[in-house]
Amino acid sequence: MVEGGPSLSNQRKKDTLEERMSDLKGQNDKAIQGKQEKKVNWMSQTGNWVELLDFIKFLNTNQLNIKLTCHFDTNSVDFLDITIKRDNFGMLQTDLFRKKTAVNSVLHASSSHPKHVINAIPIGQFLRLRRVCSSFEDFKMRAEEMKKRFLDRGTNNLIFSTSKPQKEVKTRFITEYHSHWELMREILSKHWSILTSDPVLKQYVPERPCVTARRARNLKDHLTKSFYPVNDQSLLFPSLVSKPIEKWGCAPCGNCVACPNIDCATSFVGSDSKPYKITQTITCNTKAVIYHATCPCSKIYVGLTTRPLKLRVREHVRDIRAAEKGETVEHLKTLPRHFKIHHGCDPTGLRVIGIDRIITDLRGGSVSRRLAQKESRWIWTLRTLQPLGLNEALNYSSFL
Ligand SMILES: [Zn+2]
Ligand SMILES: [Zn+2]
């Protein structure tokens, strides 16, 4: 932070001081009437410790009644309400940090806030303290200080001395909160005696249950939804898929004409026989997919589709079949040409696995571009360019 680098010349120091002091003066004409301490964060400073202290001393010789302090430490740092420090064993420890100028701002016990709010504040504050202090000794010390602050603000001493016994777990009647919730609770209390006359209910709920409200759906729940909904595996893989597959992978839907060409897989291999795991859930109906197609001689073609995978697979099958009729191979696309030359235009040897996908969300963005980028990456990773694979070229335009 401060070691190394060129030191500030006196002239530069003077300029910096004048610039910053004039800034402070402009902003704080009223505030600097009395003696004030200003906290200024020096964002960038070069030089060593001695020069830094010298610089602070120089800044403090001003006529503006502004005093600057500087704190530096190689073993601890104060951040918000925490002091993070290094102990003798090199481990990080945390402790509560309070500014020297901090005042006792605890809510006064005589405040008009609801009683339960005033009583709950100490509990919340001591819990926070326990989380902040990593050592129990620090916690005990800080807790004593905090207790004193609470007592100064009129908090009843009994709150600290009594430890509430844990309540017995009663039967809870949990329901979603709504405007009639209080009313319902009253009805339950009022007429509980009637309900206890039911011998079966009495057996299971001997005492009046504790009525607890669960959060109701709020505006946020109604107006927004997750961009990444959890896929329901039972919907994606109906019973026709006999082999149970892992959470992620590719599987035929079992209900479309493309299914015979789509494999059930959780991994796939590149031209170098290196295995890769599928980290998405892909079926015939998944849109925006990168797929991996192999022919009977195990050459790999990597392609993309923004439409459902089944449509693209059907197109490939149709093109391979159609290639049989044509005489020449020059005008044919890569896959049909290969199948015409080497595999007698038999599309049954075409095996397809969906290997990656783009999850489309409400934010939009160019799905085609993102897909094209993924496709290029996979072609490169799996080494599927000719002659090892069947892809003819690598398209870099999607990255531009
Ligand atoms: Zn299918
Ligand atoms: Zn082949």
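In table form, for the structure just shown:
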| quantity | calculated |
| --- | --- |
| Inter-residue pairs, beta-carbon under 9 Å, first among the acidic types (D, E) and in the stretch 38-57, second modelled with pLDDT under 85, 6+ apart | E51/V2; E51/S7; E51/L8; E51/Q45; D54/K13; D54/G47 |
| Members of the stretch 83-113 found to be in a loop (DSSP other than H, G, I, E, B), touching a strand residue (DSSP E or B) at 6+ places or on another chain (Cβ under 8 Å) and exposed (fewer than 14 other Cβ atoms within 10 Å of the Cβ), listed by number | D87, T101 |
| Pairs where the first residue, in the stretch 329-340, is more than 16 Å from ligand 1 (Cβ to nearest atom) and the second is at pLDDT below 85 and not acidic (D, E), C-beta under 7 Å, 6+ apart | L332/G326; R337/V329; K340/V329; K340/L332 |
| Check on C297, farther than 23 Å from N395 by Cα, part of a loop (DSSP other than H, G, I, E, B), in contact with an Asp or Glu (Cβ under 7 Å, 6 or more places away or on another chain) and within 13 Å of ligand 2 (Cβ to nearest atom) | no |
| Selected residue (criterion: surrounded by the most Cβ atoms within 10 Å (Cβ to Cβ)) from residues of the stretch 386-398 that are touching a helix residue (DSSP H, G or I) at 6+ places or on another chain (Cβ under 6 Å) and outside any loop (DSSP other than H, G, I, E, B) | N391 |
| Identity of the residue in the stretch 256-265, in a loop (DSSP other than H, G, I, E, B) and either aromatic (F, W, Y) or near ligand 1 (Cβ under 6 Å from one of its atoms) (or both), that ends up surrounded by the fewest Cβ atoms within 10 Å (Cβ to Cβ) | C256 |
| Flag if R142 is under 24 Å from M91 (Cβ atoms), exposed (fewer than 15 other Cβ atoms within 10 Å of the Cβ) and not acidic (D, E) | no |
| Selection from the stretch 341-353 of residues that are β-branched (V, I, T), touching a residue at least 40 places away in the same chain (Cβ under 8 Å) and either in contact with a Leu (Cβ under 8 Å, 6 or more places away or on another chain) or within 11 Å of ligand 2 (Cβ to nearest atom) (or both) | V352 |
| Filter result for T283 (polar (S, T, N, Q), within 16 Å of ligand 1 (Cβ to nearest atom) and crowded, with 19+ Cβ neighbours inside 10 Å) | yes |
| Condition check for K325: away from ligand 2 (no atom under 16 Å from the Cβ), in a loop (DSSP other than H, G, I, E, B) and under 23 Å from D263 (Cβ atoms) | no |
| Qualifying residue in the stretch 348-366 (condition: charged (D, E, K, R) and within 16 Å of ligand 1 (Cβ to nearest atom)) | yes |
| Which numbered condition C253 fails, given (1) under 20 Å from P336 (Cα atoms); (2) within 16 Å of ligand 1 (Cβ to nearest atom); (3) not in a strand (DSSP E or B) | (1) |
| The stretch 292-328, subset within 16 Å of ligand 1 (Cβ to nearest atom) and in contact with a Cys (Cβ under 6 Å, 6 or more places away or on another chain), residue farthest from I358 (Cα to Cα) | K310 |
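Conditions tested, residue by residue: (1) modelled with pLDDT of 85 or more; (2) touching a Phe, Trp or Tyr at 6+ places or on another chain (Cβ under 7 Å); (3) among the hydroxyl-bearing types (S, T, Y).
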| residue | (1), (2), (3) |
| --- | --- |
| P165 | no, no, no |
| T171 | no, no, yes |
| L183 | yes, no, no |
| V200 | yes, no, no |
| R215 | yes, yes, no |
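So that you can scan it fast, the table gives a plain yes or no per residue for (1) touching a Lys or Arg at 6+ places or on another chain (Cβ under 9 Å); (2) assigned to a loop (DSSP other than H, G, I, E, B); (3) surrounded by fewer than 15 Cβ atoms within 10 Å (Cβ to Cβ):
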position: L332; (1), (2), (3): yes, yes, no
position: L335; (1), (2), (3): no, no, no
position: I341; (1), (2), (3): no, no, yes
position: T348; (1), (2), (3): no, no, yes
position: I353; (1), (2), (3): no, no, no
position: D356; (1), (2), (3): yes, no, no
position: I359; (1), (2), (3): no, yes, yes
position: G365; (1), (2), (3): no, yes, yes
position: Q373; (1), (2), (3): no, no, no
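The values are calculated or read from the model by the stated rules, or taken from the named source; none is laboratory data. Keep in mind that what you see is a predicted model, and the values were worked out from it rather than measured. Note that each Cβ is placed from the backbone with ideal geometry, even for glycine, and that neighbours are counted across all protein chains shown.
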